[in-house]
Structure formats: C-alpha cells, structure tokens
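**Q** Quick one: structure below, then a few questions.
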Amino acid sequence: QLTRTHSDIVEFREVFSKARQIAIITGAGVSAESGVPTIRGAEGHWRTWKTQDLATPQSFCRHTSRVWEFYHYRRELCLQAEPSAAHKAIAECEERLRRQGRSLVLITQNIDQLHQRAGSKHVLEVHGNQYQTRCVSCGHVEVNHKSPICPSLEGKGSPDPDVPDALIPVKDLPRCEQKGCDGLLRPHVIWFGETLDSHILTAVEKELETCDLCLVVGTSSVVYPAAVFGPQVASRGVPVAEFNTKRTPNTAHFRFHFPGRCSETLPAALA
Ligand code: BJW
Ligand code: ZN
C-alpha cells in the first residue's frame with residue numbers, strides 16, 4: 001500500500017507539472033482541519049439532529065428558531081476558526097499557477113468562506129455561503145457578517161444535546177431591512193430539495209469540461225449533483241485525484257486516491 005502510494009505521488013507530480021487548467025472540488029474535510037465539524041462524521045451532529053434534518057426548507061418552515069440557532073452556531077464557530085494548511089496550500093497554488101500563466105478553479109461545497117479567507121480568488125460556491133442572507137419575502141440577498149446576527153440569538157445555538165430549543169419568536173429572528181419589507185431572512189445556502197444556482201452550475205460545467213487535472217478533496221461524495229462532478233471529469237479520461245481520510249463511493253472511478261488528512265497530503269502534492 002505504501003509503495004503504491006509513493007509511486008502514485010511520483011506519477012501525480014508528473015501530471016500536475018504539466019496541467020494547465022486545474023479544478024479542485026472541496027468538501028467539509030478541508031474545514032475539519034480548521035476545527036469545523038464535518039457534516040456526516042461522528043461529530044457531525046448538532047444537539048440531537050443531523051445536518052440532513054436541519055438543512056431543509058421544511059425544517060426551516062416548521063422549526064425556524066431551531067434552524068437559525070444551528071446556523072448562528074456555525075457562523076460564530078467559523079468566524080473563530082482559521083484557514084488550515086489545506087486551505088492555504090490551495091490558495092498558494094492558485095497564485096503560483098497564475099504567475100505561470102496556468103489556472104486553478106476551486107469548486108467548493110463549503111459554506112464557511114475559509115477558502116476565501118486563505119486567499120483563494122477563483123471560487124465557485126455551489127451550496128452558497130452562510131455569511132449571506134436572503135429575504136423570504138422580497139428575495140433580497142445581502143452579505144452579513146454580524147455577530148450575533150440578531151440580539152435574540154446572542155448566547156444561543158449551543159450544540160449540547162441537553163440544551164432545549166430557544167423557541168425564539170419569528171418576529172425576533174433576523175429580519176429584512178429593505179424599505180417597508182421586514183420579511184424573515186434565511187441563510188443564502190442550498191438546502192436539500194432545492195436546486196443549485198443555474199449560473200454557478202453553468203460555470204462549474206464549463207470548468208469540468210475544460211480542466212486537464214481534477215482534485216477531489218475531503219468530500220464524502222454522496223450529495224448530488226456535486227457527487228458527480230469528479231466522475232464526470234474522469235469519464236473524459238482526465239486524471240482525477242482524491243484526497244480523503246477514507247475511501248468514498250467514487251474512489252474506484254479515480255486515477256489516484258491519497259489517503260490521510262488533507263492538511264498533510266495536499267501541501268505535499270501541490271508544493
Ligand atoms: C477528510 C478529513 C481530513 C474528514 N482530510 N478528508 C436520491 C438519489 C439522488 C439524489 C437525491 C436522492 N434524494 C434526494 C436527492 C437530492 C439531494 C441528495 O443528494 N441527497 C443525497 C444525500 C441522497 N440533493 C439535493 O437536494 C440538491 N439539490 C438537487 O439535487 O436539486 C434537484 C433535486 C431536488 C429534489 C430531488 C431531486 C433532485 C441540493 C443539495 C444541497 C446540499 N446542501 C448541504 C447543506 C448546505 C448548507 C449547510 O451546510 O448547512 O450541503 S447538505 C451538506 O452536504 C452540505 C455539504 O456541502 C454537503 C456535502 O457534504 P461533504 O462536504 O461531502 O461533507 P461530509 O461530512 O459528508 O464528508 C466529509 C468527508 O471528508 C468525508 O468523506 C471524510 O472522510 C472526509 N474527511 N476529515 C481529508 N482531515
Ligand atoms: Zn425583504
């Protein structure tokens with residue numbers, strides 16, 4: 001296994017040195033290196049719920065206060081977190097390739113903005129980002145880094161399973177400040193059952209069709225449509241390298257699989 005991995009690294013470095021247009025697809029494993037819990041890992045619970053139970057329009061409709069507590073917790077947690085060695089390796093690689101007239105695009109499922117904070121410039125956020133809000137009444141989208149996002153959420157959002165719901169009245173949750181609106185705000189992220197932004201998907205498709213090397217980093221590859229981005233590139237015969245602590249349902253489709261923590265494997269691969 002070790003020898004296999006070593007010869008793979010040598011081969012990967014060869015492919016990497018010749019690639020002109022690199023696409024990197026990332027997921028929660030990259031932010032795990034910054035102390036942000038992954039979605040499906042053992043630590044991926046908030047109170048007694050899974051992300052799958054909270055990240056839906058139905059849940060927001062029925063348990064608005066609870067879902068806002070969940071996002072408030074993650075907004076605050078990620079504001080405290082620092083980009084990891086994996087985030088930095090990607091950002092530094094983009095800058096280095098740019099100076100060489102080559103390109104790197106980052107397609108991320110993460111909503112935490114840690115890639116941008118590490119310095120990544122060309123980022124396509126396929127699941128939105130938690131520092132933007134959207135008004136459910138007027139549709140207005142806005143950048144929002146307030147901490148806390150509203151007074152009623154101050155001190156709320158503990159992930160401890162023994163903490164009861166704060167049951168904040170909807171009128172005291174984040175509200176739209178557009179003139180005369182006062183509608184309820186929601187996180188501008190993509191929940192289960194919602195479609196991805198078509199402009200972003202079109203941009204992603206273009207990158208997947210033209211890249212000559214693809215990396216898939218720290219994603220379980222179970223959430224569609226992002227789960228098929230890597231296999232789509234591989235089906236063109238383009239090399240795809242997976243960086244993950246575990247194997248995934250997509251591993252067999254890819255030319256390379258580098259096991260281990262991406263804060264260790266990625267800086268070495270992209271140096
Ligand atoms: C490390 C590491 C380290 C850890 N180093 N690695 C049946 C079949 C097919 C599709 C569907 C279906 N039923 C429903 C659907 C559609 C659904 C879907 O895919 N469901 C599946 C779960 C079955 N998809 C959708 O609804 C999407 N919309 C859509 O398809 O529209 C059309 C449509 C609608 C309705 C029906 C059918 C079609 C929208 C998906 C939106 C996903 N949104 C979320 C929440 C965003 C906001 C938020 O975060 O709160 O996005 S869900 C959540 O999962 C989040 C993530 O971006 C996403 C992916 O998770 P990710 O990043 O892969 O994290 P993990 O935790 O799963 O994995 C971490 C990985 O890292 C692991 O592999 C670890 O091993 C690894 N790791 N430490 C390296 N140090
Ligand atoms: Zn509004």
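**Q** If I model a spin label at Arg236 and Cys138 as a point 7 Å from the Cα along the Cα→Cβ vector, what separation in nanometres do I get?
**A** Each label point lies 7 Å from its Cα, and together they span 4.2 nm.
**Q** Another one. Do any trypsin sites (Lys or Arg not before Pro) in the range 114-178 lie in a loop, going by DSSP, with at most 13 other beta-carbon atoms within 10 Å of their beta carbon, and if so which?
**A** Sparse-neighbourhood loop trypsin sites (Lys or Arg not before Pro): Lys121, Lys146.
**Q** Once Rh for the chain is found with the Kirkwood sum over Cα pairs, what is the Stokes-Einstein diffusion coefficient at 25 °C and 0.890 mPa s, in µm²/s?
**A** Roughly 125 µm²/s, to the nearest whole number.
**Q** Sort out for me the Cα centre separation of the range 115-134 from the range 9-44, rounded to whole Å.
**A** Taking the Cα centre of each part, the range 115-134 and the range 9-44 sit 16 Å apart.
**Q** Let me ask something additional. Looking only at Val222, Val126, Val189, which one moves most when the chain is put into a Gaussian network model with springs between Cα atoms under 10 Å?
**A** Val222
**Q** Over 21 Å between Cα atoms, which of Lys146/Lys179; Lys88/Lys146; Lys121/Lys146 qualify?
**A** Where the Cα-Cα span goes over 21 Å, the pairs concerned are Lys88/Lys146; Lys121/Lys146.
**Q** Continuing with this model, one more query. Under 20 Å Cα-Cα from Lys206, which aspartates and glutamates qualify once same-chain neighbours fewer than 8 residues away are excluded?
**A** Cross-link targets: Glu94, Glu125, Asp197.
**Q** Follow-up. Please give, to one decimal in nm, the separation of the simple spin-label points placed at Val222 and Ser147, each 7 Å out from Cα toward the Cβ.
**A** It is 3.1 nm.
**Q** Can you list the residues, at least 5 places off or on another chain, whose amide H is less than 5 Å from the amide H of Glu242, using H built in the peptide plane?
**A** For Glu242, the qualifying residues are Val216, Phe256, His257, Phe258.
**Q** Determine, from the Cβ-Cβ distance of Glu209 and Arg99 and an R0 of 22 Å, the FRET efficiency 1/(1 + (r/R0)^6), rounded to the nearest 0.05.
**A** My answer for the efficiency is 0.30.
**Q** Still on this model: What do the square roots of 5 times the Cα gyration tensor eigenvalues come to for the range 39-187, in whole Å, largest first, as semi-axes of the equivalent ellipsoid?
**A** 31, 19, 13
**Q** Tell me, what HN-Hα J-couplings in whole Hz come from the Karplus equation 6.51 cos²θ - 1.76 cosθ + 1.60 at θ = phi - 60° for each residue of the range 92-104, using x for Gly and Pro?
**A** 5, 5, 4, 5, 5, 5, 4, 5, 8, x, 10, 9, 9
**Q** If you fit an axis through the alpha-carbon atoms of helix 2-18 and take the longest principal axis of the Cα set of the chain, what angle between them do you get, 0 to 90°, nearest 10?
**A** The answer is roughly 90 degrees.
**Q** Relative contact order of the range 101-248, please, whole-number percent, based on alpha carbon pairs below 8 angstrom and at least 6 residues apart.
**A** 21 percent
**Q** Another question about this same structure. Step through the residues of the range 134-150 one at a time and calculate ³J(HN,Hα) from phi using the Karplus curve (6.51 cos²θ - 1.76 cosθ + 1.60, θ = phi - 60°), rounding each to whole Hz and writing x for Gly and Pro.
**A** Listing the rounded values in order: 10, 7, 6, 8, 9, x, 4, 9, 8, 6, 8, 10, 4, 9, x, 5, 8 Hz.
**Q** Using a cut-off of under 18 Å, list every residue of the range 18-58 whose amide N is near the label point 7 Å from the Cα of Thr245 along the Cα-to-beta-carbon line.
**A** Counting backbone N atoms under 18 Å from the label point, the list is 26-46, 51.
**Q** Take every Cα-Cα distance within the range 7-86, group them into 10 Å bins from 0 onward, and report for each bin the whole-number percent of pairs it holds.
**A** Going out from 0 Å in 10 Å bins, the range 7-86 shows 15, 34, 26, 15, 9, 1 percent.
**Q** Which three semi-axes in whole Å describe the equivalent ellipsoid of the range 100-148, each the square root of 5 times a Cα gyration tensor eigenvalue, listed largest first?
**A** 26, 13, 9
**Q** Report the Cα centroid-to-centroid distance between the range 257-271 and the range 158-217 in angstrom, as an integer.
**A** One Cα centre to the other: 29 Å.
Here, each number is a calculation from the coordinates, and none is a lab measurement. Because the structure is predicted, anything quoted here is derived from the model rather than measured. All Cβ positions, even for glycine, are placed from backbone atoms using ideal geometry, and neighbour counts span all protein chains on display.
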